[in-house]
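Okay, structure first, notes after.
The values are calculated or read from the model by the stated rules, or taken from the named source; none is laboratory data. Values in this document were obtained by computation on a predicted structure and should not be read as measured data. As a convention, Cβ positions derive from the backbone with ideal geometry for all residues, glycine included, and neighbour counts pool all protein chains shown. For accessibility, only protein heavy atoms count, side chains too; no ligands or nucleic acids. Shrake-Rupley method; radii C 1.70, N 1.55, O 1.52, S 1.80 Å.
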Amino acid sequence: MFELEVRVRARPKIALAEGILLERYGLPDPDAAFALMRQASQRANIKLHQVAVAVARMPGPAQGASLWFGERPQDPAPPLTVLGAGTLDVRNQGEVLGAALRRVLEITRTHMGNVQLVEDGTLRLERHIGLPREFTDHFAFVDGRTACSRAADGGNQVTVKEVALSPGFDDVSRRVILSAGCRGVHSVPLVDDAKTVRGVISSHHPHPLDGFDRTQLQAMHRTGRAVGRWIDWHRRTVVLDALEDLHQLALARQE
């Protein structure tokens, strides 16, 4: 169900990108455009729908240009030592987000949690630990009243001390959360240097929460800022590298 909804939501974005690439490179059919995006996404180790969204959003290369973006500086990745994960492949989104989730769960002392990324005004579930299928299906995409959406909207950490008593959930969402064995929730926004919220990490707790002390809140704030900066870097670097690679693959087809 989760995978099905992801595919359904991604399909219009992929179709739009296919149309752009068909016209731009004179490709024979949408399958050829899809193959180019798939190859570029695999080589960059990012998801195909991320490449498709970037194709649709970014201005195309100049007519006849050998490079999409020209010569551009390659900024180093921002430090991620706050995650305490040792050596990470900073170009690998899954590895970095997984380490960030584990760090938040370590700070909050629980075994359940998830990472969501902001995409077109919606929070899309990206990684999760310890949560059942019903939960991940229901919260595959979130744009309503939840702790994570409030954290994303306000750019501040949000604690729900008792899910059963909180007015911040609709009845269905409350039932799904409680069925997952979750009584308390804490959401940490992932904020870059421009104060743009790039995503949210939420910890889920099997008991009501009293809240967290200053040391824990500061540690989560540092984690959220570090990961927010990294997401911004990843989109400006790794995703654009994937588009440049796609451009080179498409030009090679024309030779």
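Looking only at the range 61-83, residues that are outside any helix (DSSP H, G or I) and open to solvent by 40 Å² or more (accessible area, probe 1.4 Å) come to 13 in all. For TYR25, which of the numbered conditions (1) open to solvent by less than 20 Å² (accessible area, probe 1.4 Å); (2) within 29 Å of VAL90 (Cα to Cα) fails to hold? Single failed check for TYR25: (2). Out of the residues in the range 44-77 meeting the condition of being within 17 Å of the chain's Cα centre (by Cα) and not hydrophobic (A, V, I, L, M, F, W, C), tell me which one is nearest to ASP232 (Cα to Cα). Looking at the filtered set, the residue picked out is GLN50. Assessment of the range 186-193 against the conditions (open to solvent by 60 Å² or more (accessible area, probe 1.4 Å) and of a type outside the set (Ser, Thr, Tyr)) yields at least one matching residue.
Does the range 102-124 include one or more residues that are touching a strand residue (DSSP E or B) at 6+ places or on another chain (Cβ under 8 Å) and part of a loop (DSSP other than H, G, I, E, B)? Among the residues of the range 102-124, at least one is touching a strand residue (DSSP E or B) at 6+ places or on another chain (Cβ under 8 Å) and part of a loop (DSSP other than H, G, I, E, B), which makes the answer yes. The numbered conditions (1) of a type outside the set (Ser, Thr, Tyr); (2) in a helix (DSSP H, G or I); (3) touching a helix residue (DSSP H, G or I) at 6+ places or on another chain (Cβ under 7 Å) are all true for GLY98 except (3).
Inside the range 102-126, residues that are under 21 Å from SER179 (Cβ atoms) and either at pLDDT below 95 or more than 12 Å from the chain's Cα centre (by Cα) (or both) make up a count of 8. Say we look at the range 28-38 and pick out the residues that are free of Cβ contacts under 8 Å to residues at least 12 places away in the same chain and part of a helix (DSSP H, G or I); which of these is least open to solvent (accessible area, probe 1.4 Å)? Across the range 28-38, the extreme among qualifying residues is ALA35. Checking each residue in the range 84-129 for being among the small types (Gly, Ala, Ser) and open to solvent by 50 Å² or more (accessible area, probe 1.4 Å) picks out GLY84, GLY86, GLY121.
Close contacts from the range 211-239, counting a first residue that is over 23 Å from ALA147 (Cα atoms) and a second that is of a type in the set (S, T, N, Q) and surrounded by 20 or more Cβ atoms within 10 Å (Cβ to Cβ), with Cβ to Cβ under 8 Å and a gap of 6+ residues or different chains, come to HIS234/GLN93; VAL238/GLN93; VAL239/GLN50. Taken over the range 154-185, residues that are part of a helix (DSSP H, G or I), surrounded by fewer than 16 Cβ atoms within 10 Å (Cβ to Cβ) and in contact (Cβ under 8 Å) with a residue 40 or more places away in the chain amount to 1.
Suppose the filter is open to solvent by 30 Å² or more (accessible area, probe 1.4 Å), assigned to a strand (DSSP E or B) and not β-branched (Val, Ile, Thr); does ARG229 pass it? No.
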